[in-house]
Structures are given as C-alpha cells and as structure tokens.
C-alpha cells in the first residue's frame, strides 16, 4: 500500500463525487431532510389525528334501556356523548364507521341495581379502529364511574366505611433516570436508522465508482496508471466510507437539531399537560435525545465504524462485478432487505443480546446500541461485537481487493 | 522497445468454452518506429495490447516494455507506457486540466513538474482554450487532445494505441495520426492497432497481421508486398489470413 497514491485517488474521487448531483442528494440532502420530515411531518400529522379523534364527540347507540331512564338520561346529558336512535343493524353501523360504539343496557338494569344483582353491560366496538377504541374507552370510563358511585351508595346505606373495600393502595415508582427511559424508548430506533443510512449513504458512490466507471470507460484509463490496484481500491473505499459516515453524521446532527427545535416549540405545552401520554410522545419525537448518555453515543459511533467499513467494502465488491450502473442496482437493491431484516429484529421487544447473537453482523450492532444508549455496558459483549465486526469488515475489504485484482471481474465480457 | 515472446491469453467463456484470444504472438518494436498491428474485429488486437499494458496477465509467454517484464514488473511497465484506446475515456466531471494533473500525480510527478509539462503539452496540442472546461462538455477533438496529453504527461518511452481513430471524424483522426508520427520522431517506441488498411500504409514502419489470435505475417510494407505479390495492403491482408473464406469463418466465430 502506498498512502500517497491512496490519498491522490481518494481526493480525486471526493472532488468528482461532490460535483455529482446524485451523490450530493444521497449523501447530504436526504439525511438532513429526512429527520425533520419524520419528526415534524409524521409527528404533527399523528398528533393532529389523535387530538381530533379525542376531541370528537362519541356517537353512541343505546340499545334497550327503556326501563332504565336515569342511565339513558345521564348518558344523553354527558357532553362527551351523542346518543343516536336505536337501530337493529348497529354492528354494521359500527363497522361502517357511522357510529363508534353501542351499549346494550339489559332489561331491568336500574331496578336490578337497587336490588343488588350483578349485571352484564355489553359494549360493542371495532377493535383496532382508532376512533371506536377511543369511544369504547370513554364509555367504559362512564360505566366504571357509575359502578363506583353505586358501590359507594351501597356502603353508605349499610354504614360501612369506604376503606373496607380499599385495604391498601398500590403505587408504582420509577427508578430509571429520565435519560435511561429515553434510551429505551428511542434506543432501538436510532441504531435501526443509523444502519439503514450507513448502507444507503454508501450505496450510490459504491456503484458509481465501480460499475459506473466501467460503463463510462474510465476504469480502463485508471488501470493504465502505474498505481497498484490495491491503492486504487483503498482510495475508492475511503471515498465510499466517507459518504457513508457523512450520511450518518448529518442525519444525527439533523436529528439533534430537530429534537432541539421540537423541545423549544412543543416542549412547554407537553410539560403543561404533564400526562403519561405527553411524556411518551416527547420521547418518541426525540425530545429526550439531549438526555441520552453522551458516552452511549460515542459507543454507538465506535461500533458503527466497522459496520460502515463492512458495507462500503461489500458494496464496492458487488457493484464492481456489474458491467453497468443499472446492473449494479439490480444486485444491490435486494441487499437493502438483507440489511434491514437484522436491524428490524433488533427493534423487537424481548430480543436480548447473548453470545451467539453478538456474532450476527448488524443485529449485534442494533442490540448493543439499544443497551449502550440506555446506559448498560456489557463489556464482554461489546468487545465481542467490536472484534467480530472488525473481522467481518477486514474479510469484506480483502474480498474487495481480490475482486479488483481479478481480470474476469474487471474486464467482464 | 517492445519485445513480445510467445504471448498467449486464454479465456473461459460460458458458451464457447476455452477461447485462445492470443496464441503465441512474438514480435519486436524498436524505438523511433511505429509497429502496426493489423487485424479484423475480434482477431486479438485489443487483448494483445492489454497484455502489453499489463491490464491483463498472459496465460503463458511474456513481453518486455522499455526493459521491464510485464509479469515481473507490471507497475514499472505502466510507468513507462502510455495507453490510448477508444475505450479509455475521461472523467466527465473533471476539467481537462484536472484530468491530466490527476494522471501526472498517479505517475508520481510533483505538482510543479506537472504544471510545467502541462503547459508545454497545451502549447503543442493547442489546448489552452478549453483546459478549464469539464471533460463532459468538450467536443470529440478536444477530448482526444486531453486523452493524448493524459498519456504523455509522464513522458513514457513506449506508446500503445488501440484503434485510436475509431469513430472519429476526419479532422480529429488526422490530428491523431499526426500526433502518432510525432511520437516516432521523438524516438518513442509506438505500437498501433487498427483494422484500417490505409492507416497502416501511411504510418507504419513494420506490420504484423493478426488473425484468430495468431500473428500470421510480419515485415515491412515492402517485404509484405514482395512476399504476397500485391501492392494493395487490403489484398496483402486477405492473402495473409488465408483468403476471404478464412475471414468469414473467423467473423462467424465471434
């Protein structure tokens, strides 16, 4: 290896790539824009839909209830509900989203309450449908409150204090500091995003610098120079690695900035609400990123490096085999799924790091990042993952150099 | 100086099996001379020249360029050779100046040295007007001049031309031919492949006729005319390869 030559090739490839609109888009524009779009665009639309759904008055059909005028009247009086006239095809109406829920008040409901008999009140709703779900929750709350009031009244009647049915109170106390909660909530998402961006950032330049050069006839020109092929490969490899890491870095910066702006704009309002939901929403929108252990981020960066090397070398070797840019695309595109699969498995709850999984490339990164970002450092696993990733990266790089030295690949007829 | 000894190159082809693209080819080109490699399409010209430029490795046999062996010292061979082919393109997004400078650096030249040589080449080839234009924006003639300057920036002793006039207009082709002659007058060893008979007649001091991977005839134009009893290069060529039937058979094989 001759570093002077490697640097010469690298600097030329860098200049060449920076003049290429397609590389600029994949390396700079996409990662900087995708984060704000995901965070604000998707976030805003989701929260709007949620708010709208929650604010909407729930249309309820009351089935029966002629002998329970008190319950029906109080349902009608409740501002959360709009009671619609009874109809036999209520199930169809719920399915068609004409009404959200229906409640079947059994015959003799109110009289039975007086006598102390247990009754069943069926609530009809559509599982998985957002607005129906919100509606059935509101209706259930309403009847739960009614039940509580009935219990209280019965106890009072018999002169029994209310504490009889509340021997003790359960209180859940969270010991995880806020940054750990944030790490758990987004810890799975960040590595997933990094892995994909790391791959897509390397994809375009890898194809352009190999198959693209073959197609344009510049590869042969380059091979005529006295520079050894290993130096040409390394120069190109460093360029692809640069593109990959730039993509990741820019998206992380963009994510940080978006999160900062997000906290500035939405932070105060969510804190004012102070509900569990608001906290969860804040975590999901990246509002807790600044609270993430900075050491965790450094750990992620250190472990991403060998994976980025693996991707860069692998993509170079595969697209080198292709004769044209189009052919390279057809080899590389299916690989995205191969890369996404382990990243997605790492996102699943309950998949925990163990010695075997620590050897599975990509999946191990996804899992260990989740741990590091929530402040858990299993040094034995981390060193195993770093070691194995480096090994895979070196093998991929050696394979790539080998491919460059094979004339059946370089001059494929 | 180029000395080829029994150069042989075989390829494995999925459909056709083992193909001998170059079959025990031996020849010598001396400094200050142009050696023409004449052959039909698919005769093995490009493979022979790629073997000389060390882009490919010979299956057997070897060659020496400027005293360096293509197998033992491929880097030194490339450092002493300039390779220009229809298939050696320019980087579209680099300017003509950047392109030439890049190859100067790849040849281990210092930037100051490159600047001096580039100035001289631009003077000779009349390139100043478009030096800072991107290669993708250049006309075919300008591109050819840039390619020529690219092959000459390290002042190689051996020049390898693989059908350099292929697909060019008359004016550009003429300027290339003129440039090849200049290389000869500067004492460089020149090998020039073509399937255009008239170029051989105009340009070459020695001719090798290649057919089906084998060198079937070799000599000066006068020697070949005497041997085959023909004045016209085309007639000599057809006789040397064994008649029109042999040419047709070879064309069908490809």
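Couple of notes before you dig in:
- Rel. contact order, % - alpha carbon contacts under 8 angstrom, at least six apart, chain A: 21
- Along each principal axis, Cα extent of chain B, largest first, Å: 53, 38, 35
- Its relative contact order, with pairs defined as Cα atoms under 8 Å and 6+ residues apart, puts chain B at 27 percent.
- Helix A:325-347 axis, angle to chain A major axis (alpha carbon atoms, nearest 10°): 40
- What the Cβ-Cβ distance of residue A:56 and residue A:340 gives, at R0 = 41 Å and to the nearest 0.05, is a FRET efficiency of 0.65.
- The range A:20-62: C-alpha gyration tensor shape, a/c 1.5 cut-off, then a/b vs b/c: prolate
- Against chain A, whose longest principal axis is taken from its Cα atoms, helix A:229-273 shows a tilt of about 20°.
- In the range B:89-155, the convex hull through the Cα atoms has an average projected area of 3.8 nm², a quarter of its surface area.
- Spacing of the modelled spin labels on residue B:170 and residue A:360, each 7 Å from Cα toward Cβ, amounts to 7.1 nm.
- Taking every residue in B:52-60 and counting other chain Cβ atoms within 10 Å of its Cβ, the average works out to 2.
- Sorted ascending by nearby beta carbons within 10 Å, beginning with the fewest, B:119, A:214, A:79 become A:79, B:119, A:214.
- Quotient of C-alpha Rg and 2.2 N^0.38 Å, computed over the range B:164-254: 1.17
- As a calculated quantity, the FRET efficiency between residue A:47 and residue B:30 at R0 = 56 Å, using C-beta atoms, amounts to about 0.10.
- Shape box of chain A [Cα atoms, principal axes, largest first, Å]: 101, 45, 40
- Peptide-level mean, for A:316-326, of C-beta atoms on other protein chains within 10 Å: 0
- Modelled label positions at residue A:29 and residue A:130, each set 7 Å beyond Cα in the direction of Cβ, lie 3.0 nm from each other.
- With both labels modelled 7 Å from their Cα along Cα-to-Cβ, the residue A:380 to residue B:126 distance reads 7.8 nm.
- Across all C-alpha atoms in the range A:57-164, the radius of gyration and Dmax reach 15.0, 49 Å.
- Once the C-beta distance of residue B:198 and residue A:19 is scaled by a Förster radius of 41 Å, the resulting FRET efficiency is 0.50 to the nearest 0.05.
- Taking the number of Cβ atoms within 10 Å of each Cβ as an exposure proxy, the fewest-first ranking of A:72, B:200 is A:72, B:200.
- When the Gaussian network model of chain B links Cα atoms closer than 10 Å, the mean-square fluctuations of B:114, B:100, B:153 top out at B:114.
- Multiplying the residue separation of residue A:11 and residue A:76 by 0.36 nm and removing their Cα-Cα distance gives an extension gain of 15.9 nm.
- Tilt relative to chain A, helix A:379-405 - C-alpha long axis, 0 to 90 degrees, to 10: 40
- For chain A, built as a Gaussian network whose Cα springs stay under 10 Å, the top-fluctuating residue of A:107, A:295, A:206: A:107
- Alpha-carbon Debye profile of the range A:34-106, log10 I(q)/I(0) at 0.19, 0.22, 0.25 Å⁻¹: -0.80, -0.95, -1.09
- Average beta-carbon neighbours from other chains, 10 Å sphere, peptide A:214-220: 5
- This ranking places A:220, B:201 by how few other beta-carbon atoms lie within 10 Å of each, fewest first, which gives B:201, A:220.
Taken together, the values in this text are just the output of simple stated rules run on the coordinates, not laboratory data. Note that the structure is predicted; figures quoted are calculated from it, not measured. Glycine gets a Cβ as well: all are built from the backbone with ideal geometry, and neighbour counts include every protein chain shown.
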